[in-house]
Amino acid sequence: MPTGPTGRPARVVIGVGNPHRRDDRCGLDVLRTLAGRVPPDVALFEAPADATALLDLWADRELAIVVDAVRSDRPAGTLHRWALGEGALPTELGGTSTHGLGIAEAVGLGRSLDRLPRRLTVLGIEAADLGVGEGLTPSVARAVVGAAHAVLRELASRPGREA
Amino acid sequence: MTERTIAVDYLARVEGEGALTVRIQDQRVEDVKLRIFEPPRFFEAFLRGRSYLEAPDITARICGICPVAYQMSSCHAMEHALEMRVDGMIRELRRLLYCGEWIESHTLHVYLLHLPDFLGLPDAVRLAKDHPEAVRRGLALKKAGNHLMQVLGGREIHPINVRVGGFYRCPTVDELGALRPELETALGLAEETVRFVAKLPLPDVAEDYEFVSLRHEHEYPLNEGEIVSSRGLRIPVTDYESAFEEVQVPHSTALHSVRKGGGSYLVGPLARYALNHDRLGPRARAAAKEAGISDVVRNPAQSVVVRAVEVVYACEEALRILDAYERPAEPFVPPPETRTARVGMAATEAPRGTLYHRYRLDPGGLIAEAKIVAPTSQNQRRIEDDLRHVVERSLAMDEPALTDACERAIRHHDPCISCSTHFLRLTVERS
C-alpha cells in the first residue's frame, strides 16, 4: 500500500462492502483495481459502512473518496457521485448501515465533531444482487472498471481554491 | 371491540433490517411479533464444501461489528473437531483480540446507539451536536479497541490474522507494548463512562429473565467455559443442542432459539454479569460498586451500565495480558491431517452474548454441515416478551410514543439482526 512521505497519507480511497454478499463487494473490487495505480500520497482502505470507522479513516485528510454499492431505482451498474459542498448526501448514497450508522451519519458526525476531510467524494455503484454468495452481476463488474477510472480522475483533478 | 395495530417498519439504531408488529384488542396485547427479513442462514449453506480453514474468514463477514466472535467460535469449533489444544500465549492473544472487539462494540452501542434514548435525542448526529464531549470520549475509547484489533488482527475491521490454531503472525513485545499508554487512558475513559451512564435517568423496570452465558473456572468468560443459566442449568458446550433448540416461526427469517421444554432466555451483558460478576477484575468490580448496580441486574435499561462495566473489564484484562506477554515461538499450533469425518462445536461470548458454532467435516476436511446460533436469534423471543410487557404498561400511550417505547425496549438488547439473519418496521394493530 502506498504511503506518503509524512506517515499518514494525505489522500485516501475507502472501499466499502462485504466480499461474500455478491454485488456488495464492488467497492472492494474498485480498490483491487486501483492497487499499484495510485500516486504515493494515496492510501487504499477497506471498511464497513460504519460511521466511526469512516471518521477515523478520513479525519484530517486532504481528500477522501468512498466507493460503495448502492440501491436505488437506476439500472445496475449506474455510477452515482456526490461531493461535500453539494448539499445533502442523497439517500441512496447514505450506505447500507452497520448499526444504523452509515455514510450519511458519518458525514453528520464529522460535521459536528470537526472530523471531515477537506474534500470528500462518495461514489456509488448501483447493485443488482446483495444476496449471500460470490461473483458480481456482469453490468456491476463492468461498472467497477468505470468507477476505478472515476477515482483516478478525482485524484488527478486539482482542487479549487476554498474560501 | 377496538383493535390497535402498532407497526414499526424500520427500527433505527439496530444492526440489520426487521420489523415489529403489535396487535392490541380491547386493551389487551394479543400478539407481538419481531419480524426479521434477512436470511443469514444462507451462510451456513454457503460454508458447505469449503475447507475448514476458511471458516474463520468467511463467518467473520456475517457481522461488521463482531467479526472476532465469529472467528473465535469457528476456530474453537474446528480445534474441537481436530482434537487440538491451543493454550499459553496464543490463548491469551485470543482473549486480547476479543477485548478489542468488546471495547469497540460496547462503546459504539453505549455512546452512539443507546445514549440518545436516555437524553431524549433522535440520533447520534444530534447527540454529537448537543454533547460533543461525550461523543469524543466514546470515540477515543472505541479507538483503543480499534488499535488492538489493528495490531493483533492485521487491520481494524475484519481482522485477517486469525486462523485455526492461532494466528498467522504474533505481534512483537514492542508492538503490543506500544498500545499500553492508549489502553491505560482507555481504562480511565471507561471508568468515566460508567460514572456518566450511572447518572442517566433510566426507567425503573424489572424482567424475570433466565440468564444464559458461559462460565469459566477463573475468568470472566470470553473464549471458553461451561454453559450455565440462572435457573440451574450447567452443561458442557458440547451438550448445547440438548438444552436449546431452534424453532421456525413464520414471521421471521431468523430461527427462534428456546430452552427445550421451556421458553425464552437471555444472553448478553446482563446474563454474563449476573452469572460471572465474581470473575470481573478489581477495577470493573469497583466501577460497578460505585455505579450502585446490584450483582444481578434485571432492568434491561441498566444494560447500558453493565456494558460500560464490561468495557472497564476489557481494558483491564487487555492491560493484564499486555504486561505478561512473551512472543510465542510459533504463531499457531499446526492442525493435524484430516483423514476421518469429524464434528466439532464451540461457544464463545460475543459482545451481544453466547455465539454457538457446530461443524461437521468430511474426511478431506471440507465442511459438510454448519450450524451457527447467533446471540440475537437466542434473544429474539425474549425481546418479544419484553415488548409485550412494555406495551401492557403503555397501552394509554398514543402511537408515536408507544412506537418509541418499543424501539427503546429492543435497543436495550443491542440486537444484531443481520447477525441473526437487517432492521425493524413496527406495526401496532389495535382493535
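The values are calculated or read from the model by the stated rules, or taken from the named source; none is laboratory data. Since this is a predicted model, take the numbers as computed values, not measurements. In this analysis, Cβ positions are derived from the backbone assuming ideal geometry, glycine residues included, and neighbour counts consider all displayed protein chains. With ligands, DNA and RNA removed, areas are computed over all heavy atoms of the protein, side chains included. Shrake-Rupley method; radii C 1.70, N 1.55, O 1.52, S 1.80 Å.
Taking R0 as 56 Å, what FRET efficiency do you get between B:V247 and B:A329 from their Cβ-Cβ distance, rounded to the nearest 0.05?
About 0.75, to the nearest 0.05.
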Could you bin all the Cα-Cα distances of segment B:335-384 into 5 Å bins starting at 0 and give me the percent of pairs in each, rounded to whole numbers? 5, 20, 21, 17, 14, 12, 7, 4, 2, 0
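Per residue of A:51-62, what is the mean number of Cβ atoms on other protein chains within 10 angstrom of that residue's Cβ? Show your work: numbers first, answer last.
Values: counts 5, 12, 7, 0, 3, 7, 2, 0, 1, 0, 0, 0.
For peptide A:51-62, the averaged partner shielding equals 3.
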With a 1.4 Å probe and every protein chain kept in, tell me what percent of the accessible surface of the protein assembly as shown is carbon plus sulfur. 50
In what sequence, highest mean first, do A:125-137, A:78-90 appear when ranked by Cβ atoms within 10 angstrom? A:125-137, A:78-90
For segment B:379-418, I need the span (max minus min coordinate) of the C-alpha atoms along each principal axis, in Å, sorted largest to smallest. 31, 16, 12
Ignoring everything but the protein chains, give the 1.4 Å probe accessible area of B:K33 in square angstrom, nearest 10. 80
Test of understanding: express the Cα radius of gyration of segment B:37-145 as a ratio to 2.2 N^0.38 Å, with N the residue count. 1.38
The answer for A:L101, listing residues at least 5 apart or on another chain whose modeled amide H is closer than 5 Å to its amide H, is A:A51
So what's Rg/Rh here for segment A:115-163, counting alpha carbon atoms and using the Kirkwood radius for Rh? 1.12
Taking every residue in A:37-46, how many Cβ atoms of other protein chains lie within 10 Å of its Cβ, on average? 1
Work out the mean other chain Cβ neighbour count within 10 Å for the residues of A:130-140 and drop it here as an integer. 2
Calc'd 3J(HN,Hα), segment B:403-412, phi into Karplus 6.51 cos²θ - 1.76 cosθ + 1.60 (θ = phi - 60°), Hz, glycine/Pro = x, comes to 4, 4, 4, 5, 4, 5, 4, 6, 5, 3
For chain B, max minus min Cα coordinate along each principal axis, in Å, sorted largest first? 72, 48, 37
Would you please give the residues with an amide H less than 5 Å from that of A:G133, counting only those at least 5 places away or on a separate chain, with H modeled from the backbone geometry? A:R21, A:R22
At a threshold of 8 angstrom on Cα-Cα distance, excluding pairs fewer than six apart, so keeping six or more, what relative contact order does segment A:11-156 reach in percent? 35
Given the rule -39500 (n - 2.57) for each run of at least 4 DSSP H residues, summed and divided by the residues of chain A, what is its mean residue ellipticity at 222 nm, to the nearest 500 deg cm²/dmol? -9000 deg cm²/dmol
What per residue convex hull volume, in Å³, do the alpha-carbon atoms of segment B:249-344 yield? 211
The ³J(HN,Hα) series, computed from each phi in segment A:118-124 with the Karplus coefficients 6.51, -1.76 and 1.60 at θ = phi - 60°, rounded to the nearest Hz and given as x for glycine or proline, is 5, 10, 9, 10, 10, 10, x
Mean Cβ-within-10 Å packing, highest first, puts peptides B:268-281, B:91-104, B:223-236 in the order B:91-104, B:268-281, B:223-236
Treating each Cα of the protein assembly as shown as an identical point scatterer and ignoring solvent, apply the Debye formula and state log10 I(q)/I(0) at q = 0.09, 0.12 Å⁻¹. -0.68, -1.27
Would you mind checking the tilt of helix A:138-156 against the longest principal axis of the Cα atoms of chain A, expressed as 0 to 90 degrees and rounded to 10? 10
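I'd like the Kirkwood hydrodynamic radius of segment B:219-271, using the inverse of the mean 1/r over distinct C-alpha pairs, in Å.
Over segment B:219-271, the inverse of the mean reciprocal pair distance is 12.6 Å.
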How would segment B:96-253 be classified by its alpha-carbon gyration tensor: rounded, prolate or oblate, with rounded meaning a/c under 1.5 and the a/b versus b/c comparison settling the rest? oblate
Just from its helices, what would the mean residue ellipticity at 222 nm be for chain B, if runs of 4 or more DSSP H residues each count -39500 (n - 2.57) and the sum is divided by every residue, rounded to the nearest 500 deg cm²/dmol? -13000 deg cm²/dmol
In sequence order, calculated HN-Hα J values of segment B:164-176 (Karplus, 6.51, -1.76, 1.60; Hz; x Gly/Pro): 4, x, x, 10, 6, 8, 9, x, 6, 4, 5, 4, 6
List every residue whose amide H lies under 5 Å from the amide H of A:V70, counting only residues 5 or more places away in sequence or on a different chain, with H placed 1.01 Å from N in the peptide plane. A:I125, A:E126, A:A127
What lysines sit close enough to B:K129 to cross-link, taking a C-alpha to C-alpha distance under 22 Å and skipping anything fewer than 8 places away on the same chain? B:K142, B:K143, B:K199
How large is the convex hull of the C-alpha atoms of segment A:11-156 per residue, in Å³? 98
